[in-house]
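Undergrad: Okay, here's the structure, questions in a sec.
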Amino acid sequence: MIRSMTAFGNARADLEQGSLALELRSVNSRYLDLYFRLPDELRHAETPLRELLTSNLARGKVEVRVSYARAAGADLNTLDAAWLQRLATQLEAARQILPEVAAPRLAELYNWPGQRNADALDPQAWGAACLQAAQQALTQMQEARAREGERLAGMMRECADGVARIVDSVDTHLPQLLADHREKLAAKLRESVEAAFPGGFAHISGPELSERLAHEANLFALRIDVAEELSRLRSHLEELRHLLGAGSGGGKQPAGKRGGPAGGSAGKRLDFLFQEMNREANTLGSKAGSMEVTRAAMDLKLLIEQMREQAQNIE
C-alpha cells in the first residue's frame, strides 16, 4: 500500500486509577526512527511500544508522546500514616524558623518524593493501557498515511500521464525528425565534397564516397536514434503504474504488514525508478537533433523531478 510518512494519531485509555493519553507524530525519514517521550513511571512500556511500531511501520521519524493523570480520589488509602506523621513533625520544625511555610496540598502528598506509594503504578495495568492506546493511535495514523499516500500517488499518476504524452509525441514526430536530419546530412555532404573537390563528384571515387557516407551515417545513427530511450521510458512508466497501483487494490492490508509492494519500501523503489527515468531523459536531451526534442527532454526532467519530490514522502 502506498502510504505517506507524514501523519498524526492520538488515543486515550481509561483505568480505574486514572487515564492515559498517547500521541503519534510521523514525518519524513530515510529509515524508521522512533523517539519516545514517556514519564519515568511508564518507561517500562517502551519496549512493547517499540515492538508494535517496528512491526507495522517501515520508514519515518515517529515521535511517541505519553502522559497520564491519576483519577480523583484514587489511592486515597495508600498514604503511609507514619510517613505523614514524620512529615508533619518536619513541617512544624520548619515553621519555627519560617512561620510562613504552607502545608502541602493533598495532590502533592501523593506525588511527594519519598512517599513510598507515590510511584506505585501497576505496571501490568498501565502497560496494557499504553498498548491499547498505541494500537488505536497507530490505526488512526495509518489511515491518515494511506489517505495522504493516495493523494501523492494521484499527483504522480498525473505527472506519469504527462511523461507518456511527451514520449508518444516524440515517437510520433521521430520519422519526420529523421527525414529532416537526413536532408541536413545530405546538404552537409554536398558542401564537404564541393569544398574538397571544386570540380564536383566526378573527381571523387566511388569507394571514397561510400566510406564518407558510411562514416556520416554511423554518426547520424548514434546521435539521432532515441528509440531505445523512448522504449525504456515506456518500460519505466509501466513499472511506475504497477508500484502506484499496488496502493489502490481495494483490499485492506493485513495487520502487521509493512507498506510497499511485496512488503518492501515503495518510496525507495520509486526513488530508484525516478533516477533511471531521469538518466533516460538526460540521454534523450544529449541526442536531441532538433529543438522539439530538446524541449521534450526538458519537460520530461521537470515532470520526473516533480514525481521524485512527491516520492520523498512515500513510506
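Undergrad: In segment 282-303, what residues are surrounded by 18 or more Cβ atoms within 10 Å (Cβ to Cβ) and part of a helix (DSSP H, G or I)?
TA: The answer is L284, G285, V293, A296, A297, L300, L303.
Undergrad: Okay, moving on. If you take the residues of segment 15-39 that are more than 15 Å from L52 (Cα to Cα) and without any contact (Cβ under 8 Å) to a residue 40 or more places away in the chain, which of them is surrounded by the most Cβ atoms within 10 Å (Cβ to Cβ)?
TA: Result: L38.
Undergrad: Moving on to the next point. Going by the conditions given, is A137 open to solvent by less than 90 Å² (accessible area, probe 1.4 Å) and modelled with pLDDT under 90?
TA: For A137, the condition - open to solvent by less than 90 Å² (accessible area, probe 1.4 Å) and modelled with pLDDT under 90 - is not met.
The values are calculated or read from the model by the stated rules, or taken from the named source; none is laboratory data. What you are looking at is a predicted structure, and each value in this text was computed from that prediction instead of being measured. Heads up, the Cβs are rebuilt from the backbone with ideal geometry, glycines too, and the neighbour counts pull from every protein chain shown. Accessible surface is based on the protein model in full, side chains and every heavy atom, while ligands, DNA and RNA are left aside. Shrake-Rupley method; radii C 1.70, N 1.55, O 1.52, S 1.80 Å.
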